[in-house]
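Chemist: Pasting a structure here, questions to come.
The values are calculated or read from the model by the stated rules, or taken from the named source; none is laboratory data. Here the structure is a predicted model, which means the values were calculated and not measured. Here the Cβ is made from the backbone with ideal geometry for all residues, glycine too, and neighbour counts use every protein chain on show.
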Amino acid sequence: MRICGVEIKSNEAIICLMVLDQGLFELPDCRQQRFALLQDKDAESVRKFQFTMKKFLQDYQVEKVVIRERPQKGKFAGGAIGFKIEAALQLIEGIDVQLMSGTQIKEQLSRHPLLIDFKATGLKGFQQGAFDIAYARLSQQL
C-alpha cells in the first residue's frame, strides 16, 4: 500500500510518501516535499492547490492520504488556512483521506518503534512529522 503522510503547518502541507510491501517499509523518491497554499483569499487559489495535490497523488499512485488531526481550540489549534488545506485534501475525488490524532500516532509509534534513526531515512528534518504519520498508519497493518 502506498500512502502519503501529511502534516499541515501554517500555509503548507508537508508530505512523506511511504510504501508497505511484504512487511517492509520503503520511502520512494518524490519530486516535492511540501505544497503551499499561497493566497487563501480566493477560491481559485484553493482550487489550484487542490489540483496540484491531486495531480501529485495520481502521478505517484497514492492510495491513501493520512493527515495529522489538529485541534480546533486551545494552544495548538490550527489556523484558518490549515483547515482550508485539510478540506481541499479531503475533497479530492478518488483518494481515501483519513485523519489521525496525535494520541493515535504516539500509540502506534510506541507499539512499533522505528528500528533506524530518522536521519538515516534521507528525508529532510521538516518531514519528520509527516514521516511519523505515514509510519504510524502503515504500522497499524502489521
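Chemist: Quick check on Lys106: is it over 15 Å from Val6 (Cα atoms), under 16 Å from the mean Cα position of the chain (by Cα) and at pLDDT 95 or above?
Modeler: In short, yes.
Chemist: Let me ask you something else. What is the number of the single condition among (1) under 19 Å from His112 (Cα atoms); (2) in contact (Cβ under 8 Å) with a residue 40 or more places away in the chain that Lys9 does not meet?
Modeler: Of (1) under 19 Å from His112 (Cα atoms); (2) in contact (Cβ under 8 Å) with a residue 40 or more places away in the chain, only one is false for Lys9: (1).
Chemist: Can you work out which of the residues in the stretch 17-72 that are acidic (Asp, Glu) and farther than 27 Å from Phe118 by Cα is modelled with the highest pLDDT? Give the derivation first.
Modeler: Taking the stretch 17-72 first, the residues acidic (Asp, Glu) are 21, 26, 29, 40, 42, 44, 59, 63, 69.
Keeping just the survivors that are farther than 27 Å from Phe118 by Cα gives 40, 42, 44.
On the way: Asp40: 66, Asp42: 85, Glu44: 92.
Of everything passing the filter in the stretch 17-72, Glu44 is modelled with the highest pLDDT.
Chemist: Where in the stretch 21-81 are there strands (runs of 3 or more DSSP E), lying wholly inside it, with at least 3 residues that are free of Cβ contacts under 8 Å to residues at least 60 places away in the same chain? Outline the logic, then answer.
Modeler: Details: elements: 24-26, 34-36, 64-68.
Output list is empty.
Chemist: Is it true that Val46 is within 14 Å of Val6 (Cα to Cα) and either touching a strand residue (DSSP E or B) at 6+ places or on another chain (Cβ under 7 Å) or of a type in the set (Val, Ile, Thr) (or both)? Show your work before the answer.
Modeler: Values: within 14 Å of Val6 (Cα to Cα): no; either touching a strand residue (DSSP E or B) at 6+ places or on another chain (Cβ under 7 Å) or of a type in the set (Val, Ile, Thr) (or both): yes.
The answer is no for Val46.
Chemist: Another question, if that's okay. Scanning for something loosely packed, with under 13 Cβ neighbours inside 10 Å, over 22 Å from Phe35 (Cβ atoms) and without any contact (Cβ under 8 Å) to a residue 40 or more places away in the chain, does the stretch 119-127 turn up at least one residue?
Modeler: Scanning the stretch 119-127 turns up at least one residue that is loosely packed, with under 13 Cβ neighbours inside 10 Å, over 22 Å from Phe35 (Cβ atoms) and without any contact (Cβ under 8 Å) to a residue 40 or more places away in the chain.
Chemist: Loosely packed, with under 11 Cβ neighbours inside 10 Å, assigned to a helix (DSSP H, G or I) and among the charged types (D, E, K, R): does that describe Lys106? Quick ask: steps written out before the conclusion?
Modeler: Values: loosely packed, with under 11 Cβ neighbours inside 10 Å: no; assigned to a helix (DSSP H, G or I): yes; among the charged types (D, E, K, R): yes.
Spelling it out, it is not the case that Lys106 is loosely packed, with under 11 Cβ neighbours inside 10 Å, assigned to a helix (DSSP H, G or I) and among the charged types (D, E, K, R).
Chemist: What about Ile92, is it at pLDDT 95 or above and among the hydrophobic types (A, V, I, L, M, F, W, C)?
Modeler: Numbers: at pLDDT 95 or above: yes; among the hydrophobic types (A, V, I, L, M, F, W, C): yes.
Criteria met by Ile92.
Chemist: Here's something else I'd like to know. Look through the stretch 113-128, keep the residues that are in contact with a helix residue (DSSP H, G or I) (Cβ under 9 Å, 6 or more places away or on another chain) and at pLDDT 95 or above, and return whichever of them is farthest from Gly23 (Cα to Cα). So that I can check it myself, show each step before the final result.
Modeler: Of the stretch 113-128, the ones in contact with a helix residue (DSSP H, G or I) (Cβ under 9 Å, 6 or more places away or on another chain) are 114, 118-119, 121, 123, 125, 127-128.
Within this subset, residues satisfying the condition of being at pLDDT 95 or above are 123, 125, 127-128.
On the way: Leu123: 21, Gly125: 25, Gln127: 22, Gln128: 21 Å.
Checking each candidate, the answer is Gly125.
Chemist: If Ile81 satisfies every condition in (1) surrounded by 15 or more Cβ atoms within 10 Å (Cβ to Cβ); (2) within 18 Å of Gly5 (Cβ to Cβ); (3) in contact with a Ser or Thr (Cβ under 9 Å, 6 or more places away or on another chain) but one, which is the exception?
Modeler: Evaluating Ile81 over (1) surrounded by 15 or more Cβ atoms within 10 Å (Cβ to Cβ); (2) within 18 Å of Gly5 (Cβ to Cβ); (3) in contact with a Ser or Thr (Cβ under 9 Å, 6 or more places away or on another chain) leaves (2) as the failure.
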